[in-house]
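Let me begin by presenting the structure, written as structure tokens, before commenting on it.
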Amino acid sequence: MLTRFRRDLLPLGLFLALPLVLFGSVALGAQTLIPADALTVFEPYRSAAAAFGLAGPPHNTLLSDLVLENFLWKKFILEALRAGELPLWNPYLFTGVPFLAAGQHSALYPFSLIYYLFPLPRAYGLFTVAQLGLAGAFMYLFLRVLGLRRLGATFGGVLYQLCGFMVVSVVFQMIIAAAAWLPLILAMLELIARQHPALGGRPATVPWLVIGAGALGLQILAGHVEITYYTLLVAGAYAAWRLAGLWRAARAAEPAGPLLRRPSTRLVIRR
């Protein structure tokens, strides 16, 4: 069975290699995605900026969230885990606030393991490469499910993983992590609409439903609820469009009759 997919290994390798070319300096080199220069907007960092070789203004203060919030969240998670505790409560804001329940820190997202295994300055680059690679691979899968050849699907995967939205969002890690899962969810909707056979060769729904639900759950754990809202809107529109197509195709081959009793209507309801 695996021999069927040997030719897909080259595109999958490409989806990992291209982000590595763009972000190799922060994933494997001496640089980091963390915009530490943004701290020089505030004291006491402003007064100490010259000592760190940061005489000029920050490169882009709009990226400050990564160092003012996200980096501190990751650091807090690591400190709690090293102390043998779950980071349920953040005592450093006001009189304390819930932490683990907030979600935007991505603490429970499986790929966040990268932050727990590597130094944080390097982990941000590695996480970026992993998520962009994942986005390309899932778009490739979706396009292959739609029937595109390998070359076309590869082109589509590269376009998705390196589109403007994804590249400019790399400093908001939870955004690219959440957006990476959209194509997989759409692929599962397509397989459900087709009743594509699974194990045993019979028309199937449950396996694709389970995979799609798992993908949506992982997207939620990625920590950016707005992307989940967008995904649900896109997935709902895609499902409605596919159901409408199934209904039209089935209706063309059936005699007229009451709408709710037509086989085409029952078909759409079952899907």
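Numbers at a glance
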{"item": "Accessible surface, per residue, of the chain when the full set of protein chains is kept, probe 1.4 Å, Å²", "result": "58 Å²"}
{"item": "Protein accessible area in the chain, 1.4 Å probe - carbon and sulfur %", "result": "70 percent"}
{"item": "In nm, spacing of pseudo-spin labels at Cys163 and Ile211 (7 Å Cα→C-beta vector)", "result": "2.1 nm"}
{"item": "With Cα atoms, 0 to 90° folded angle of helix 71-82 axis to the chain main axis", "result": "90 degrees"}
{"item": "Helix-only CD estimate at 222 nm, as mean residue ellipticity for the chain, using -39500 (n - 2.57) per DSSP H run (n ≥ 4)", "result": "-18000 deg cm²/dmol"}
{"item": "Nitroxide proxy distance, nm - points 7 Å out along Cα→Cβ at Ala249 and Tyr116", "result": "4.4 nm"}
{"item": "For Asn90, residues with placed amide H under 5 Å, excluding near neighbours", "result": "Val97, Phe99"}
{"item": "Degrees between helix 206-222 axis and first principal axis of the chain (Cα, 0 to 90, nearest 10)", "result": "20 degrees"}
{"item": "Arg266 versus Ser47: modelled label distance in nm, points set 7 Å from Cα along the beta carbon direction", "result": "8.1 nm"}
{"item": "FRET efficiency for Leu9 and Arg149, using Cβ-Cβ distance with R0 set to 22 Å, rounded to 0.05", "result": "0.85"}
{"item": "Degrees separating the helix 150-161 axis from the principal Cα axis of the chain, which is the longest one", "result": "40 degrees"}
{"item": "Chymotrypsin sites (Phe, Trp or Tyr not before Pro) lying in DSSP loop within region 51-108, provided at most 10 other Cβ fall within 10 Å", "result": "Tyr92, Phe94"}
{"item": "Cα-centre dipole for the chain with unit charges at Cβ (Lys and Arg positive, Asp and Glu negative), debye to 20", "result": "1720 debye"}
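The values are calculated or read from the model by the stated rules, or taken from the named source; none is laboratory data. Predicted, not measured: the structure shown is a model, and the values here were computed from it. For neighbour counting, all protein chains shown are included, and Cβ atoms are generated from backbone atoms with ideal geometry for every residue, glycine included. Just so you know, the surface numbers come from the protein's heavy atoms only, side chains and all, with ligands and any DNA or RNA stripped out. Shrake-Rupley method; radii C 1.70, N 1.55, O 1.52, S 1.80 Å.
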